[in-house]
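One structure is given here, and the rest of the page talks about it.
We did not get these values from a lab; they are worked out from the coordinates using the rules stated. Computed from a predicted model, the values in this text were never measured in an experiment. Note that we place each Cβ from the backbone using ideal geometry, even for glycine, and neighbour counts take in every protein chain shown.
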Amino acid sequence: MPELAVLLLLPLAGAVTFAFLGASARAPEANAAFSGFTALAAVVLAIRVLADGPQLAMRDLFHVDAFSVFLVALTALVGFTTSLFSRPYMRNEVVAGRVGPTALRLYHAMYQLFVGTMLLALTTNNIGILWVAMETATLTTVLLVSLYRTPASVRAAWKYFILCGVGIAQALFGTILLYLAAERVLGGGGTALLWTQLEGVKDQLEPSVVTIAFVFLLVGYGTKAGLVPLHNWLPDAHAEGPTPITAVLSGLLLNVALYAIARSKVLADGALGTPLAGNLMMGFGLLTVVVAAFMTLRQTDVKRLFGYSSVKHMGLITFAFGMGGAAATFAGLLHMTVHSLTKSAIFFAVGHATQKAGTQVIDEIRGLVHTSPAVGWGLMLGGIAILGMPPFGVFAAEFLLLTTAMSAQPWAALVLLVALAVSFGGILWRVQAMVFGAPNLKPLLHRPAILPVFVHLGLTLLLGFYLPPFLAAWYREAARLIG
Amino acid sequence: MSLANQLVDLIAALMLLTSFAMLAQRRLTALVDLLALQGVLLTAATLVAAWVTGHAHLYLSALLSLVLKVVVLPTLLRRLVRRLDLQWDREALVNTPTTMLVGIVLVIVAFNLALPISALSGSILRGALGIALASVLLAFLMMITRRKAVSQVIGFLAMENGLFFAATSVTYGMPMIVELGIALDVLVAAFVFGIFFFRIRETFDSLDTRHLETHPAGEGEDV
């Protein structure tokens, strides 16, 4: 599959190129070009998988099915639009004197490498390589979180590094245990960690080992997905890094971590024959939603505010996957899509807003709509969309999740509703104050990238009232794979 | 009891001992030495496994451990400790005797957790799983209780050692491609840590590394 090779090698080539040329005048455009062609390859790959079914490549080293290719397409798309946003954003940062040439080289190289590792995590057939790719994704972003070298950013990056390092080590232990269970059925050598092999024998895996393995995997990848009580790194990392990185962390990395959890759950369900894995995920999900909703009330930093909003949405999706079944999983997949699109759109708008205001403090950002109507409306609509107001896609996903939960888990549905209402109050009035209100902002030298914001919001809006048949079929197929 | 079994038991016992020693050790250079010693033990365990099973890839894996965990990482850390002029990590959240007691509890937990798993493993090293898990938890404990960034990094690497030891003991290591990937990650992580230390020093605008020891701006996070 040539498009798979392009998909994985292009970001790598980009990273090498930018390691040398990342500070050149046209680097932001080149960054967008690399990401654009990667997205193109992802689309070609998606079309092939949709037409011909799951694909194996390179002696079974790579495996792409409906579930992973949907995330590949989403990751590559958001990677591309974020690179478009990053163009004026980073130029403005250079003008403001916040980044120098070395930082720019690092930034562009790591941006490509980060997208590349996530695509590797999604396309690999080997759950050991999945772990390696997740760890590399952490390592690529940790230096970006502290790109500005402020004390707060260095502290945030250190926390991110240590917490995710420890978390991901748990996931490695889980992977080792899974390998132990698989080796007894499949024999030694390289094949016992291949997803395609594991899935075939999942009902023969030793339940006691798989139980422990799943707990470790859930805790490990759950740390990366920002599940409470392992979410501590997330708001800081979101707040302190450059905003394009915040957008991809929130819109993409969290999804990939959830992807790993969902895959682990399939194996655990197959081996155990009990709803233990799903129950654990629902518990974590519920706790995450509630804690994150209340935390949004206390935030004064706009990027932290939306960081907690991401935590909440990860909780909702984990809950949906934990509940399982066709409808809930469908809701979870739709939620992943619309959350990525909406949240990155919000961060694009927030990025420009904070540059205009020169601060991330919510109380000091006022009257966006007066000085820059497009950014202001982008943020307002994004805020409304992420809170699950109709007719945006998040509403459709949350509605489907809640109605399913009403019949299956009524008490949990009630808790979710309360938490959603709380975060609604926490976010809406703050966004409204930033968008309307007396202006206090300064103009920027490089014009903000408005297009990505509205493309994302447009897509979210579209998904709110019309789900294209191919996408619905795609979700159903993916839901069948992991339900 | 065969020679291989006895060797494995000896290595495992020494592994546990080094883990406890790390928990108690406050001098950073000695801590790095202990980390290197763990690397030696890991290499030895892998060699025993290679000798028993005759798998060629285990010799490669042992070589990898030797190069990475005995030579490269400790050298990097030693240089870092010297360059940053760090000597001691005296500040700890919990005093040493209490830490040791908590450590003993962790070992018991680890053995209980490992019991059902190692019963399933066909490896001759399976008895070592409890100890491997115990080293992981002890390293984790060390990361939690120490204040200094370097100590936390050493704890992180010790945790990685424990995980490798676990993989070696229950399944004779992971598939080669995964092991290579993990080794690469650990190496990259070490470099990132290195860059980080200098970034911390530069950010807190001083060559005085006391800024590394004390946490810069209140709250619970420690750099």
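Some observations on this one:
- For the peptide A:132-143, the mean number of other protein chain Cβ atoms found within 10 angstrom of a residue's Cβ is 4.
- Out-of-range pairs (alpha-carbon distance over 20 Å; input A:Lys303/B:Lys148; A:Lys159/A:Lys356; A:Lys312/A:Lys356; A:Lys224/A:Lys312): A:Lys303/B:Lys148; A:Lys159/A:Lys356; A:Lys312/A:Lys356
- For the segment A:171-178, counting C-beta atoms of other chains within 10 Å of every residue's C-beta and taking the mean gives 6.
- Restricting the range A:1-67 to trypsin sites (Lys or Arg not before Pro) in coil, as DSSP defines it, with at most 14 other Cβ within 10 Å: A:Arg26, A:Arg59
- Shape annotation for the range A:114-192: C-alpha extents along the principal axes are 52, 23, 13 Å, from largest to smallest.
- Peptide packing for B:12-21, A:405-414, A:327-336 was compared via the average number of neighbouring C-beta atoms within 10 Å per residue; ordered from the highest value, the list is A:327-336, B:12-21, A:405-414.
- Computed packing ranks the peptides A:1-8, A:220-227 as A:220-227, A:1-8, most packed first, by mean other Cβ atoms within 10 Å.
- Spread over its residues, the convex hull of the C-alpha atoms of chain B is 113 Å³ per residue.
- Approximate spin-label separation A:Ser407-B:Ala30, in nm, with each point projected 7 Å along Cα-to-Cβ: 6.7
- Seen from all directions on average, the range A:287-483 presents a Cα convex hull projection of 10.4 nm².
- For the range A:276-398, the Kirkwood hydrodynamic radius from C-alpha pairs, put into Stokes-Einstein at 4 °C and a viscosity of 1.567 mPa s, yields a diffusion coefficient of 86 µm² per second.
- Alpha carbon centroid spacing (whole Å) that separates the range A:254-277 from the range A:48-84: 20
- Helix content alone sets the calculated 222 nm mean residue ellipticity of chain A: runs of n ≥ 4 DSSP H residues at -39500 (n - 2.57) each, divided across all residues, give -26500 deg cm²/dmol.
- Each residue in A:Thr150, A:Thr243, B:Thr43 was given a count of other beta-carbon atoms within 10 angstrom of its own, and listing them fewest first yields A:Thr150, B:Thr43, A:Thr243.
- Fraction in percent of alpha-carbon pairs per bin - 10 Å, the range A:15-113: 16, 38, 25, 16, 5, 0
- P(r) weight above 38 Å for the protein assembly as shown, C-alpha pairs, percent: 33
- Principal-axis tilt of helix A:127-145 within chain A, Cα atoms, nearest 10 degrees: 20
- Using just its DSSP H runs of length 4 or more, each adding -39500 (n - 2.57), chain B gives a mean residue ellipticity at 222 nm of -25500 deg cm²/dmol after division by all residues.
- Centroid-to-centroid, using Cα positions, the range B:29-62 and the range A:391-429 are 52 Å apart.
- Take B:101-111, B:170-180 and order them by the average number of nearby Cβ atoms within 10 Å per residue, most first; the result is B:170-180, B:101-111.
- The residues A:Met389, A:Met110, when put in order of fewest to most other Cβ atoms within 10 Å, stand as A:Met389, A:Met110.
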